[in-house]
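The values are calculated or read from the model by the stated rules, or taken from the named source; none is laboratory data. All values reported here derive from a predicted model rather than from experimental measurement. Heads up, the Cβs are rebuilt from the backbone with ideal geometry, glycines too, and the neighbour counts pull from every protein chain shown.
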Amino acid sequence: MAKHNCAICGAEIGLMSEQKLVDGNFICRKVCSKKTFKIFDKVEATLCDVTAHIEQVEKGTRIWNELLLPLKKAKDKTQKLKCLGTGGPLLYVSPSTGLVALVETNYKFFLFGKTQRACVYRLADLVKYDYEEEKVKGSDGKTETKEYCAMMFKDTAGMYGFRLGVGNSKSYESMAKYFDTLFGIQKTLGNTFKNAKRQMDAIKSFATAAKAAAKGTLDEEQAAATIGALDASVYGDRTEWIKKADEALAAFR
């Protein structure tokens, strides 16, 4: 069998030690493949996807260790992290910084030698948190249902989507309500008028942009305002979360 070279580190690799990517490149399982999260789909990834994800993990782990991990034991409740999910990896939400960390914990021997790696996202970029379930067969041959929260972040290089394990549908509903509340899009009586106003603002902005486009006078600023209004009507106003995240990430650029 022909041998290949790892497209990242250049090491010579054979059939048992190679990971083939969707674009035809190969990476080594021993070193480079282990730099990615276990849930990262390398079979469907290109070399560009893999290298972007590795950079994402390296930067995210640094942010987790230096900024977010210390907040787990913060005495100030407004600074503490919210932990979501079951099994692993787990999701930590930091409302005080506007950041979200997906944390993978690995052990060298059973529960000893713990190491953690993280992918860090801006809370403002979370555009999907939907319920999903999957039927799988256990080792005993019986079928069981696995339940997840499927999450996706926009404008994100590397792993921009993943499924977070949830205990059951009620756990998911609680999680979804938590995010809805953060974004101000929860369906409660007190927010009915707020949401209706956002939708009207979006409609007005879109109508104005459509007229300008027809006249050939639509500029970039007006287009951006239209997109912003439409986003706010669907995802809630995230201005506060963007500001917090940008301030928190300034030291890591």
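Brief remarks on what is shown
- Hits in segment 45-65 (condition: surrounded by fewer than 17 Cβ atoms within 10 Å (Cβ to Cβ), over 16 Å from the mean Cα position of the chain (by Cα) and either hydroxyl-bearing (Ser, Thr, Tyr) or closer than 18 Å to Leu90 by Cα (or both)): Thr46, Arg62, Asn65
- Yes/no for Val93 being touching a helix residue (DSSP H, G or I) at 6+ places or on another chain (Cβ under 8 Å) and surrounded by 13 or more Cβ atoms within 10 Å (Cβ to Cβ): yes
- Count of residues meeting criterion [among the small types (Gly, Ala, Ser) and farther than 18 Å from Met159 by Cβ] in segment 6-59: 6
- Filtered residue count, segment 119-144, keeping only those that are acidic (Asp, Glu) and within 10 Å of the chain's Cα centre (by Cα): 1
- Here Ala207 meets the list (1) surrounded by fewer than 12 Cβ atoms within 10 Å (Cβ to Cβ); (2) modelled with pLDDT of 95 or more almost entirely, failing just condition (2).
- Of the listed requirements (1) within 30 Å of Glu247 (Cα to Cα); (2) in contact (Cβ under 8 Å) with a residue 24 or more places away in the chain; (3) loosely packed, with under 15 Cβ neighbours inside 10 Å; (4) out of contact with any helix residue (DSSP H, G or I) (no Cβ under 9 Å at 6 or more places or on another chain), Lys72 misses just one: (2).
- Residue check: Ala7 meets all listed conditions (1) at pLDDT below 95; (2) not assigned by TED's automatic domain parsing to the domain that holds Phe162 but one, namely (1).
- Failed condition for Lys42, given (1) surrounded by fewer than 15 Cβ atoms within 10 Å (Cβ to Cβ); (2) under 19 Å from the mean Cα position of the chain (by Cα); (3) at pLDDT below 95; (4) not hydrophobic (A, V, I, L, M, F, W, C): (1)
- Residues that are buried (at least 18 other Cβ atoms within 10 Å of the Cβ) and at pLDDT below 95 within segment 138-165 are absent altogether.
- Elements of type strands (runs of 3 or more DSSP E) contained in segment 1-91, each with 1 or more residues being among the aromatic types (Phe, Trp, Tyr): 26-28
- Residues that are assigned to a strand (DSSP E or B), free of Cβ contacts under 8 Å to residues at least 60 places away in the same chain and among the acidic types (Asp, Glu), drawn from segment 99-132: Asp130, Glu132
- Verdict on Leu21 being in contact with a Phe, Trp or Tyr (Cβ under 8 Å, 6 or more places away or on another chain) and either crowded, with 18+ Cβ neighbours inside 10 Å or not aliphatic (A, V, I, L, M) (or both): no
- Check on Leu102, in contact with a Pro (Cβ under 7 Å, 6 or more places away or on another chain) and either surrounded by 13 or more Cβ atoms within 10 Å (Cβ to Cβ) or within 20 Å of Asp41 (Cβ to Cβ) (or both): yes
- Residue within segment 149-159 that is part of a loop (DSSP other than H, G, I, E, B), touching a helix residue (DSSP H, G or I) at 6+ places or on another chain (Cβ under 7 Å), under 23 Å from Val100 (Cβ atoms) and small (Gly, Ala, Ser) present: yes
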